[in-house]
Amino acid sequence: MTVKVEVKNLTKIFGKHVNRAKDLIKQGKTKPEILKETGATVGVDQANFKINDGEIFVIMGLSGSGKSTMVRMINRLIEPTDGSVLIDGENLMKMDKKSLREVRRKKMSMVFQNFGLLPNRTVLENAEYGLEIQGVDKETREKKANIALEQVGITGYNNEYPDQLSGGMQQRVGLARALANDPEILLMDEAFSALDPLNRTDMQDQLLDIQERLHKTIIFISHDLNEALKLGDHIMIMRDGEVVQTGTPEDILTHPANEYVEEFIENVDRSKVLTAGNVMIRPVTINIDKAGPRLTLKRMKNNEVSTAYVVDNKRTLVGIVDANDVIGLVRKDSSDLRSIVKTDVPTAHVDTPINDLMDDISQTGIPFAVVNDDKQLKGIIVRGAVLGALAGNEVSHFE
Amino acid sequence: MNNIPQIPLAHWIDGFVAWLVSFTGFFNGVTNFIGGINNAFQWVFDLIPIWLFIALVLALTYYVNRDDQRWSLLGFEFFGLLLIWNLDFWRDMTQTLTLVLTSSLIALVIGIPLGILMAKSRIAEIILKPILDFMQTMPAFVYLIPAVALFGIGMVPGIVASVIFAMPPTVRMTNMGIREVPGELIEAADSFGSTEWQKLFKVELPLAKTSLMAGVNQSMMLSLSMVVTASMIGAMGLGTKVYFAVGRNDAGGGFAAGLAVVILAIILDRLTQSLTRDHKRG
């Protein structure tokens, strides 16, 4: 993974006495202290993070957390007070107006919360805007704009005006306008927040779809944790201008950095985020290449279970055995464990979201076997553990 | 109060005007320039036969006004212009129209850039705002005095006085229109790498157009209201007819000329208003 965007000590202070406030920040004073002493408001306080090439990086926080200021500092719509933004290793802060304009034209485009479409231009003319100001000729820019409009699934509206379209459609035009420049980085400021829930889900899916094809580096601002968890490869949580935690969605859910994040994730629909791997527990396993019926029975007794999971030397899942069958085998004095193994075990991949398994789990009596790509048994899912995980309890991890 | 000597304000201003008059060359140049524009308009209007003029006004109205009510406007224009012709005010009407168009044009050419400057720079706004207030509230008569000193007698000083009196709405409305462009659209323009000029011409001015045209419309109406005042220093037209009627205590003649002004005002107002509305859709 190469780093596409690197942000170092990025700080924004609004108001008067900016320099004094800057010194106070470096001394480690808090936001209210600085406000009291200087009257200046700290918008973003010394943020540090890296964004990988081709990932969706979600910056999330409630209003006033500094997330919108943050994204605007990345393309310098808001001039940072201190710190640096490196794009492909190049420091944006050191650029003059002209080079900055070049970066904005070629490297990154922005999508806005309220779409930011020009009401006096048609859909096509809006999508062409970025190319038009670069001096691209009419024919080429029309072609590129049309491709972009097609990518976001909006065709046949070229000559309509923005106010004739629904919110979802308008934002598709906004996205097409951003894509028409073929930028490497997309900045999306609460891009779906103004849409109704159904449209929002649609757009999220579409963004993921587009991302799969185009592999842009996307910096997505959101106040909605569900959205963040759905879209983000990495999520950065901000509060009062400070970065609270940065990590993968799973990191954030399983290891919240502090009480604030914990409170935040309390309301999350975990079923959409947690995977089979997150909720599985350790099963009682029998290695069929080594163990016979007697040893099997003994292990089942010790662990007080009536079913055991059978694997081979490579831990590949073979099936399950039932305690009654094992007892029968022992009585017959047979050692052929394979004859009683049931192979029709419900299985799930470790990365399957439990949301997708929920129905099956509730209908099947036997716990699900969780396997990896090589069909190796990694754990099992029991109903109790699923409920526990949804309620936010830690599942005992193992291996 | 008797102990405090009177401030010689009038004397100072006289001194200032006298100082300005010493730039004869400059003011002669301006006089010739404005006079040139004025004469060009007048030359065109004199050239067009009256019936053709009426037809052109109707055609223009038909073209720019897509309202349902355009037929009543067309009817009004037709009979209104015929009435002016019939009353033998045609030449006076075109002279007044010339004065209004010339001063509106100058007000526009100076006022729009000033409005843009005002929208872009806080300092410009702070300086210009009181000046605009001054220009608009000072009794318009007062402008005539230095205007005569600087530009002589005739159309030009009338136009200059009209410009000063009529320009503020254009400046103000341009300023307001640009400032009211939603912040997100400005951000959008910037985020795609627009230059300042591109932002101005592709985003700000098109979006400020409605407000800007409302300013132009107001300026035009204000300069029309100056025609009687301007006639006192020799600006010819319908104003002169009214002015003379006052002198002769001729109520009938005064109202007849006044009615012609009203007709002209309504036509100009409706035309500029429909210009504002119609071209919203490309």
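The values are calculated or read from the model by the stated rules, or taken from the named source; none is laboratory data. All values reported here derive from a predicted model rather than from experimental measurement. All Cβ positions, even for glycine, are placed from backbone atoms using ideal geometry, and neighbour counts span all protein chains on display.
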task: Take the range A:122-136 and flag every residue that is facing another protein chain (nearest Cβ under 8 Å) and crowded, with 18+ Cβ neighbours inside 10 Å.
output: A:122, A:129, A:130, A:132, A:133
message: Go through the range A:172-189 and report how many residues are assigned to a loop (DSSP other than H, G, I, E, B) and within 11 Å of chain B (Cβ to nearest Cβ).
response: 2
statement: Of A:295, A:274, A:329, the only residue that is touching a residue at least 60 places away in the same chain (Cβ under 8 Å) and not acidic (Asp, Glu) is A:274
field: From B:92, B:88, residue being among the charged types (D, E, K, R), closer than 23 Å to residue B:240 by Cα and in a helix (DSSP H, G or I)
entry: B:92
- request: Please verify whether the range A:234-243 includes one or more residues that are in a helix (DSSP H, G or I), at pLDDT 90 or above, surrounded by 18 or more Cβ atoms within 10 Å (Cβ to Cβ) and in contact with a helix residue (DSSP H, G or I) (Cβ under 8 Å, 6 or more places away or on another chain).
  value: no
- request: Go through (1) out of contact with any helix residue (DSSP H, G or I) (no Cβ under 6 Å at 6 or more places or on another chain); (2) more than 13 Å from every other protein chain (Cβ to nearest Cβ); (3) closer than 16 Å to residue B:192 by Cβ and name the single condition residue A:139 misses.
  value: (3)
- line: The residue from A:66, A:89 that alone is more than 10 Å from chain B (Cβ to nearest Cβ) and surrounded by fewer than 19 Cβ atoms within 10 Å (Cβ to Cβ) is A:89
query: Restricting attention to the range A:91-103, does a residue exist that is in a loop (DSSP other than H, G, I, E, B) and without any contact (Cβ under 8 Å) to a residue 60 or more places away in the chain?
result: yes
- request: Pull up the range B:168-182, narrow it to residues that are β-branched (Val, Ile, Thr) and over 19 Å from residue B:131 (Cα atoms), then point me to the one that is nearest to the chain's Cα centre (by Cα).
  value: B:178
task: For the range A:104-121, state whether one or more residues are more than 8 Å from chain B (Cβ to nearest Cβ), in a strand (DSSP E or B), farther than 18 Å from residue B:206 by Cα and touching a helix residue (DSSP H, G or I) at 6+ places or on another chain (Cβ under 7 Å).
output: yes
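Report yes if residue A:72 is facing chain B (nearest Cβ under 7 Å), closer than 27 Å to residue B:205 by Cα and not aliphatic (A, V, I, L, M), otherwise no.
So residue A:72 fails the test.
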message: Based on this model, can you work out whether residue A:364 counts as among the β-branched types (Val, Ile, Thr) and surrounded by fewer than 16 Cβ atoms within 10 Å (Cβ to Cβ)?
response: yes
field: Search result, residues across the range A:152-171 that are surrounded by fewer than 22 Cβ atoms within 10 Å (Cβ to Cβ), part of a helix (DSSP H, G or I) and either within 13 Å of chain B (Cβ to nearest Cβ) or acidic (Asp, Glu) (or both)
entry: A:162, A:163, A:164
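Report the residue count in the range A:336-360 for those that are closer than 18 Å to residue A:308 by Cα and surrounded by 13 or more Cβ atoms within 10 Å (Cβ to Cβ).
8
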- prompt: How many of the residues making up the range A:1-50 are assigned to a strand (DSSP E or B), out of contact with any Ser or Thr (no Cβ under 9 Å at 6 or more places or on another chain) and over 22 Å from residue A:248 (Cα atoms)?
  reply: 1
- prompt: Of all residues in the range B:39-81, which are touching a residue at least 12 places away in the same chain (Cβ under 8 Å) and acidic (Asp, Glu)?
  reply: B:46, B:67, B:77
- prompt: Is it true that some residue in the range A:93-101 is within 14 Å of another protein chain (Cβ to nearest Cβ), touching a helix residue (DSSP H, G or I) at 6+ places or on another chain (Cβ under 6 Å) and surrounded by fewer than 22 Cβ atoms within 10 Å (Cβ to Cβ)?
  reply: no
So residue B:30, is it part of a helix (DSSP H, G or I) and farther than 20 Å from residue B:110 by Cβ: no
query: Which pairs do you get when a residue that is without any contact (Cβ under 8 Å) to a residue 40 or more places away in the chain, found in the range A:104-122, comes within reach of a residue that is surrounded by 20 or more Cβ atoms within 10 Å (Cβ to Cβ) and basic (Lys, Arg), reach meaning Cβ atoms under 6 angstrom, with the pair 6+ apart or on two chains?
result: none
query: residue A:77 is checked against (1) at the interface with chain B (Cβ under 10 Å from one of its Cβ atoms); (2) more than 26 Å from the chain's Cα centre (by Cα); (3) not in a helix (DSSP H, G or I) and fails just one. What number does that condition carry?
result: (2)
- request: Tell me which residues, restricted to the range A:48-91, are under 16 Å from residue A:235 (Cβ atoms) and of a type in the set (Lys, Arg).
  value: A:50, A:67
task: Kindly state which helices (runs of 4 or more DSSP H) lie completely within the range B:151-255 and contain at least 1 residues that are under 30 Å from residue A:180 (Cα atoms) and within 14 Å of chain A (Cβ to nearest Cβ).
output: B:155-179, B:183-191, B:196-199, B:205-225
task: Determine whether residue B:134 is away from chain A (no Cβ under 14 Å) and without any contact (Cβ under 8 Å) to a residue 12 or more places away in the chain.
output: yes
